[in-house]
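Chemist: Take a look at this one; I'll ask things after.
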Amino acid sequence: MRSDPSIRIPVELSNPGQFFACCGLLELADRLWPGAEGWFEDDRFHICSDGSFFGLIESLRRASVNNTMSSGQLARLEELSRMTKKQREAIPGAEEEKKQLESLRRELPIRLTGDVSLRIDWFTDEEAGGSRFKTWAGQQSVLDIARAMHGGVHDPAIVDEATLWANVRGIGLPFFFDSDLGGEGSGLDIGFSFDPLSGSEATRIEGTSRPGLELLAFIGLQRFRPREFSGENRFVYVAWNQPLPPCVAACAVCQVMPMEAPAFEFRLLYRTKYLKSFLPALPFEGDFDEQA
């Protein structure tokens, strides 16, 4: 007998971003209410826990989004940024120090604090392959993107389970985990890149994104990873269909734990040399024993 779920989220399983966002929901639910279990069934993602959707989304909204820079590093960056370039050049090493601190601010792992404490660093993981899902370029700040998507979760358009994937306008560039975006925002498609225009209100182009999907997928990828076919730009995830805690569900997702459940295959779209996005998934019809 399955437990009665306390949270039911509509999900399009052919959208990898929505799938991994559901994984992120389960991650947060288990940290808020230990023992939470989740599963996919009837175009819904179900979570059985001691809490509710409203408790979960409010905890996420109350969270602080920072990176792992120390208070001393942040204070020093602020001090150097207040100086003019001429003033910095008069101090040996100051200009280079500012560049190094700015690089740290862009690239260091993200830390969520509040009702839930979580370090997100999968995008720095070269050895286990997590970094291949990094969809942003080196000069883009993961902290700025995460904060923009976190701010979007506060939008009044997100009111309940049915509206978690609501579109919000003008909150900044997303991670591009949402496969419905596809090539949207691609410099090749548009004729120019949005990124250099974002620094000024006069030139900034405001698009729409689904911050609930983008932020939760960013969280979900910390533990949940698809199975990869080496060198083929092919990734497979399993939509497990029985109640599992996140530590076990993560094994089912990447087919480490065989399960009779729907599986889906997707690819990454290389929007430019450095920018990527998730493409829509198709039902996976290969053999689970196929060489990866």
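Yes or no, residue by residue, for (1) part of a loop (DSSP other than H, G, I, E, B); (2) touching a Gly at 6+ places or on another chain (Cβ under 8 Å):
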site: 240; (1), (2): yes, no
site: 247; (1), (2): no, no
site: 258; (1), (2): yes, no
site: 277; (1), (2): no, yes
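Chemist: With 232, 214, 228 as the choices, which residue is more than 23 Å from residue 48 (Cβ to Cβ), of a type in the set (D, E, K, R) and assigned to a helix (DSSP H, G or I)?
Modeler: The unique qualifying residue is 214.
Chemist: From the list 65, 116, exactly one residue is part of a strand (DSSP E or B) and within 30 Å of residue 9 (Cβ to Cβ). Which is it?
Modeler: 65
Chemist: Taking region 121-134, which residues are part of a loop (DSSP other than H, G, I, E, B) and under 14 Å from residue 219 (Cα atoms)?
Modeler: 121, 134
Chemist: Checking residue 285 against (1) closer than 24 Å to residue 213 by Cβ; (2) in contact with an Asp or Glu (Cβ under 9 Å, 6 or more places away or on another chain): exactly one of these is not met. Which one?
Modeler: Just one mismatch for residue 285, condition (1).
Chemist: What number of residues within region 83-100 satisfy the criterion of being part of a helix (DSSP H, G or I) and more than 32 Å from the chain's Cα centre (by Cα)?
Modeler: Qualifying residue count, region 83-100: 7.
One line per residue, one yes/no per condition, for (1) surrounded by fewer than 15 Cβ atoms within 10 Å (Cβ to Cβ); (2) in the same structural domain as residue 222 (by TED's automatic domain parsing); (3) of a type outside the set (Val, Ile, Thr); (4) over 15 Å from residue 222 (Cβ atoms):
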| position | (1), (2), (3), (4) |
| --- | --- |
| 15 | no, yes, yes, yes |
| 46 | no, yes, yes, yes |
| 51 | no, yes, yes, yes |
| 54 | yes, yes, yes, yes |
| 73 | no, no, yes, yes |
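Chemist: Any residue at all in region 166-184 that is at pLDDT below 95, surrounded by fewer than 16 Cβ atoms within 10 Å (Cβ to Cβ), part of a helix (DSSP H, G or I) and in contact with a Leu (Cβ under 9 Å, 6 or more places away or on another chain)?
Modeler: No, region 166-184 contains no residue that is at pLDDT below 95, surrounded by fewer than 16 Cβ atoms within 10 Å (Cβ to Cβ), part of a helix (DSSP H, G or I) and in contact with a Leu (Cβ under 9 Å, 6 or more places away or on another chain).
Chemist: With respect to residue 278, is the statement that it is in contact with a Pro (Cβ under 8 Å, 6 or more places away or on another chain) and surrounded by 21 or more Cβ atoms within 10 Å (Cβ to Cβ) true?
Modeler: yes
The values are calculated or read from the model by the stated rules, or taken from the named source; none is laboratory data. Note that this is a predicted model, so its numbers are computed, not measured. In this analysis, Cβ positions are derived from the backbone assuming ideal geometry, glycine residues included, and neighbour counts consider all displayed protein chains.
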